[in-house]
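Enquirer: Below are the structure tokens for one structure; questions will follow.
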Amino acid sequence: MKKSTNNVLAERPDAKRIGLGQAPSDTIADGILQCGFTNVPVIEYVTWTTQLPLTDDEISSTFGDEIDVLQNPKSMPGIDSVDSSFIVNGILQADMITYGFGVHIFAEPQSFMQIGNCLIPAPAAPVATPVSPDSFTSNDVQVLGLPVGSTLSPAVMSWGHDDWEAAWHLTQAYQFQWRVYQRILLVNELAADVCYFGPYAEAVAAGTSEVDVIEYTRQINNRYREKSGGGVFVPVNARRIGSVNGASTVAPPTGVGTATTGNVGLFHATRDFDLAPVTLGGMRNQGGGACCQPFRKLPRPVLLEKGIPIGMTLNVQDAYHQAQMQRYLSISEDLSGHLATITVDENLLGTTSAPTAATAFMPELTLDQGANAYSGQQVTTSRVKMKGGVLKLSILLKGIEVWGPWKDYVVRNMSQHVACPGSGPTSVGSTGFPSLAR
């Protein structure tokens with residue numbers, strides 16, 4: 001009978017001989033050293049996946065002054081999924097010749113924004129969807145059909161954009177550090193200079209595209225309910241065309257609210273806001289095709305021993321970019337509450353001046369049948385920011401596992417090619433590790 005052959009397995013230098021129990025030899029060792037960097041497999045990795053927004057407590061716990069993707073456990077505050085090749089994160093079960101590493105950051109494959117309104121609080125039971133106009137005044141609230149005890153605030157839904165902004169500021173805020181043997185700094189570079197951060201959707205000739213807003217609205221509202229965000233996003237379903245005076249002109253629907261008084265808005269139903277223009281892809285880290293490669297190749301391979309934690313961390317080095325990253329991640333934008341309600345200036349209130357009996361600010365000519373009149377209006381100028389999308393952060397190791405007598409062989413016979421502990425004096429002492437730190 002003809003034996004089957006796994007050609008893919010046979011081409012891998014680690015599996016071809018070492019993994020099958022072949023005794024160490026110079027011939028096999030030479031083959032390992034000559035293996036091209038792109039052919040070296042990713043043996044170990046940890047990937048965090050989270051959605052925006054995060055609560056302020058989750059940000060301070062997980063995205064504070066030190067981000068430890070490789071060493072932290074497989075359940076982290078604010079992280080929806082931890083995908084790991086380790087049994088215990090950051091600790092090898094077998095010795096490993098490491099050729100290089102990767103720091104990968106990805107966000108949503110598309111970005112868009114759309115205006116709407118935020119219903120506060122989020123309904124606790126089924127209710128009729130209120131009128132959600134493109135604009136409204138304080139007088140109009142009487143005819144929007146809001147649930148009892150609820151308010152409506154102008155809002156902006158952002159999908160994907162805040163993910164990319166948070167990711168970019170993360171690369172500028174943190175220093176990537178790789179420590180071995182407690183105090184040897186093997187790598188010490190700005191995360192932007194070592195990470196792989198590029199557009200996730202590299203569409204060519206995609207043309208003008210649009211997305212269905214309601215699909216993403218549901219995902220955002222589910223997230224805000226999960227995080228006790230305090231409100232839900234309601235897409236625009238009506239356009240304001242003007243106003244009329246008098247309760248006798250506009251009667252309230254049966255069983256909703258009370259008789260209207262004074263000036264109220266007039267609205268037309270619309271589906272103009274069902275779709276939103278979308279941008280495919282996202283920002284590049286530093287720009288240009290040369291920076292950065294998916295994996296950083298080490299000047300020479302490094303032997304990592306099993307059982308010893310791999311000390312790769314992201315440590316803050318720029319307070320401004322860290323604050324910006326946290327703001328884009330945050331459900332409150334300024335790390336002080338739940339919904340992010342933004343005003344244009346700290347000393348400008350979130351509404352325009354209210355009309356009084358003596359002064360009619362923002363006079364609007366009504367659409368009354370017969371005698372038209374001017375009616376003063378007041379509008380909300382603050383905006384509730386509601387965001388959604390995914391963010392992924394990974395640390396990966398490319399290398400070859402060495403078992404049994406292979407580790408001793410590497411230390412004795414390959415120390416001129418592989419940085420090994422105790423293999424001889426170097427510029428950083430007798431550990432055999434070259435310092436790559438800048």
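What follows is calculated from the coordinates using simple rules that are stated; it is not laboratory data. As the structure is a computational prediction, the values presented were derived from the model and not from experiment. FYI the Cβ positions are ideal-geometry reconstructions off the backbone, even for glycines, and counts take in every protein chain you see.
Enquirer: For the stretch 31-142, what number results from the quotient of the Cα radius of gyration and 2.2 N^0.38 Å?
Expert: Compactness ratio reported: 1.75.
Enquirer: Specify the inter-centroid distance of the stretch 71-132 and the stretch 363-405, based on alpha-carbon positions, in whole Å.
Expert: The stretch 71-132 and the stretch 363-405 have Cα centres spaced 18 Å from each other.
Enquirer: Cα-based count: Lys pairs in the stretch 43-409 below 25 Å, eight or more positions apart or different chains?
Expert: The number of close lysine pairs in the stretch 43-409 is 14.
Enquirer: Rounded to two decimals, what is Rg over Rh for the stretch 82-208 when you use alpha-carbon atoms and the Kirkwood radius?
Expert: Result for the stretch 82-208 is an Rg/Rh of 1.20.
Enquirer: Right, here's the next one. Can you list residues whose amide H is under 5 Å from residue 190's amide H, if they're 5+ apart or on another chain and H is modeled 1.01 Å from N?
Expert: Placed amide hydrogens put 176 under 5 Å from residue 190.
Enquirer: Run through every distinct alpha carbon pair of the stretch 43-409 and return the Kirkwood hydrodynamic radius in angstroms, one decimal place.
Expert: Here the Kirkwood hydrodynamic radius works out to 23.7 Å.
Enquirer: What's the FRET efficiency of residue 346 with residue 371 using the Cβ-Cβ distance as r and R₀ = 45 Å, to the nearest 0.05?
Expert: 0.55
Enquirer: Amide H of residue 298: which non-local residues (sequence gap of 5 or more, or other chain) have their own amide H closer than 5 Å, using H built in the peptide plane?
Expert: It is 100, 101, by chain and number.
Enquirer: A further question follows. Pop out the ³J(HN,Hα) list for the stretch 76-90 in order, Karplus 6.51 cos²θ - 1.76 cosθ + 1.60 with θ = phi - 60°, rounded to Hz; leave Gly and Pro as x.
Expert: Karplus values, whole Hz, x for Gly and Pro: 10, x, x, 9, 6, 8, 10, 9, 9, 8, 7, 6, 10, 3, x.
Enquirer: Still on this model: Ranking request for peptides 322-328, 102-108: highest mean number of other beta-carbon atoms within 10 Å first, then the rest in descending order.
Expert: 102-108, 322-328
Enquirer: Kindly state, to the nearest 0.05, the FRET efficiency for residue 209 paired with residue 80, given R0 = 30 Å and r defined as their beta-carbon distance.
Expert: E(calc), rounded to 0.05, equals 0.65.
Enquirer: Could you rank the peptides 171-184, 381-394 by their average count of other C-beta atoms within 10 Å per residue, with the highest value first?
Expert: Ranking the peptides 171-184, 381-394 by packing returns 381-394, 171-184.
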